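Colleague: First the structure, then my questions, so here it is.
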Amino acid sequence: MEFPSSQLHVFPNGLKLVYHHSPGTVSHCGLMILAGGRNEPDGKVGLAHFIEHVIFKGTKKRNAFQVLNRLESVGGELNGYTTKEETCIHASMLHLHFERAVELIADIVLNPSFPDKEIAVEKGVVLDEINSYLDNPSEQIFEDFEAMVFKGHPVGNPILGTETSVRSFSRKDLLEFTKLNYISNRMVFSYVGALPLGLVVDVVESNFKVRGKDSKILKQAAGLRRLKPVNKVLQRPTAHDHFICGGRAYGSKSPKRFALFLLNNILGGPGMNSRLNLKIREKYGYTYQIESSYNTFSDCGIFSIYFATDPVFFSRCRDLVWKEVHELQRNRISKIKLHSYKYQLKGQIAIAQENRPGFMLNNARNVLLYGRPMDLVSVMKGIDGVTSNEIMDVANEIANTDQMSSLHYKSSTDRN
């Protein structure tokens, strides 16, 4: 497989630009900042996410309507998101309006006004967002599980925060966090589109004149230290039982990550032919939702298996999950099957790159955390290099059922 490469440009103030040429009439761009949930002060859980909300509510020269209307009025899109490690503001627009988009992103990130009135309103919005998670057990269980697996560590904190923390946020908190973290050497601007590199460089440089400085923030490393397994059962007023199990896993720089990505794809990845889907959903019809997942951070990761089922089938589902895990731990995958599994994963990755906004964001994150654009050739080589023995080793290390933590939302609904 051949993939066009991306180009990296570093400005004198430390801001990085990652550029990827792609034909078409639409440009996609975004600013990613190394400032997420892991960077929040003690007692201010959810602050990074809250700031991402409020920076859209006005700048020193624009009110909230003017911010939201600036790109929407010409058919563009503006949005943002926050993770455990980064905050991102991104946009898509016709090439004609690229300069408008860059100027707007720079304005809301570098010159937010944080109006007290808007802060008060947005607290209500975020609290409603938190409550919506509580109404959705298939999402809430993942957040509760991360809190168990990374107990006492910032990675385990909820991105949205808590009702108590959100109500405590002040304008001073927002200003102090952005002053400390929203600096040029903690930022990456990513572009995917057909505009020439020279033009993109000039536009970004003219709008992002923010000065860089050395950051004193040291992110604590979570590592792969195995914790004593924790198994919880919580009663929930739901029709289904929801179950998740797993634990800490390899970070994005670990050479073992390729074997675990492949293992995850085989066991319960997005393909309808994953082992869990074929053996539990398709064969027995015990569940509609069943999957495994492997998510990485810069220095650690988390692996999990999740399903939701009628309480009548819960034990059978769990036993069948264990059976499939044990199969991967005890029996080597044949060369023919392994070859097929590798092609499936590589195909999924290649198709994902056709999502240009997603590729733009992944490129930004790669530069932000690792200092280089996405290298798809190396990724493909890493997958090709995985052996059956490595998959068995990783299955026994990461998917060891005796060492897994688990969380069970047990249905308390009375069906009589």
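Colleague: Give, rounded to the nearest 20 debye, the magnitude of the charge dipole that the chain has about its Cα centre when Lys and Arg contribute +1 at Cβ and Asp and Glu contribute -1 at Cβ.
Modeller: 880 debye
Colleague: Separate question: Per DSSP helix of 4 or more residues, -39500 (n - 2.57); summed, then divided by the residues of the chain. What does that give at 222 nm, rounded to the nearest 500?
Modeller: The helix-only estimate for the chain comes to -13000 deg cm²/dmol at 222 nm.
Colleague: Starting with the fewest neighbours, write out E122, E282 ranked by other beta-carbon atoms found within 10 Å of each beta-carbon.
Modeller: Lowest count first: E282, E122.
Colleague: Next question. When a footprinting reagent is the concern and you count Cβ atoms within 10 Å, what order do S340, S190 take, fewest first?
Modeller: With the fewest neighbours first, S340, S190 line up as S340, S190.
Colleague: Where does region 266-340 land on the Kirkwood hydrodynamic radius, alpha-carbon pairs, in angstrom?
Modeller: 13.4 Å
Colleague: Checking the cross-link filter: which aspartates and glutamates have an alpha carbon closer than 14 Å to that of K381, excluding same-chain neighbours under 8 positions apart?
Modeller: Result set, ordered by chain and number: E2.
Colleague: DSSP beta bridges in the chain, what fraction antiparallel, as a percent rounded to 5?
Modeller: Roughly 80 percent of the beta bridges in the chain run antiparallel, per DSSP.
Colleague: Tell me, what are the semi-axes, in whole angstrom and largest first, of the equivalent ellipsoid of the chain as set by the roots of 5 times the Cα gyration tensor eigenvalues?
Modeller: In descending order the semi-axes read 38, 27, 19 Å.
Colleague: Using the Karplus equation 6.51 cos²θ - 1.76 cosθ + 1.60 (θ = phi - 60°), what ³J(HN,Hα) coupling, rounded to whole Hz, does each residue of region 255-270 give in order, writing x for Gly and Pro?
Modeller: x, 7, 5, 5, 5, 6, 4, 5, 4, 4, 5, 5, 6, x, x, x
Colleague: For K228, list the aspartates and glutamates whose Cα falls under 18 Å from its own Cα; do not include residues on the same chain fewer than 8 positions away.
Modeller: D144, E146, E397, D402
Colleague: Could you give the semi-axes, largest first, of the ellipsoid that matches region 280-416, computed as the square roots of 5 times the alpha carbon gyration tensor eigenvalues and rounded to whole Å?
Modeller: Result for region 280-416: semi-axes of 32, 21, 16 Å.
Colleague: Further question on the same structure: Can you give the percent of C-alpha pairs in region 7-207 whose distance is more than 24 Å?
Modeller: The answer is 44 percent, as a whole percent.
Colleague: While we're here: I need the peptides 105-113, 227-235 ranked by packing, meaning the mean over residues of other C-beta atoms within 10 angstrom, with the highest value on top.
Modeller: Averaged packing, sorted descending, gives the order 105-113, 227-235.
Colleague: Could you pull out the pairs from K57/K232; K283/K337; K123/K256; K57/K151; K256/K323 whose alpha carbons sit more than 30 Å apart here?
Modeller: K57/K232; K123/K256; K57/K151, as the Cα separations exceed 30 Å there.
Colleague: What lysines sit close enough to K16 to cross-link, taking a C-alpha to C-alpha distance under 22 Å and skipping anything fewer than 8 places away on the same chain?
Modeller: Here the lysines satisfying the reach criterion relative to K16 are K84, K179, K209, K213, K216, K219, K253.
Colleague: Related question: Roughly how tilted is helix 335-352, in degrees to the nearest 10 and between 0 and 90, from the longest Cα axis of the chain?
Modeller: So the inclination is approximately 30 degrees.
Colleague: What is the set of long-range amide H partners of V45 at a cut-off below 5 Å, with H atoms built 1.01 Å from backbone N?
Modeller: HN-HN under 5 Å from V45: empty list.
Bear in mind these aren't lab numbers, they're just calculated from the coordinates by the rules spelled out. This one's a predicted model, so the numbers in the text were calculated from it and none came from an experiment. Backbone-built Cβ (ideal geometry, glycine too); neighbour counts: all protein chains shown.
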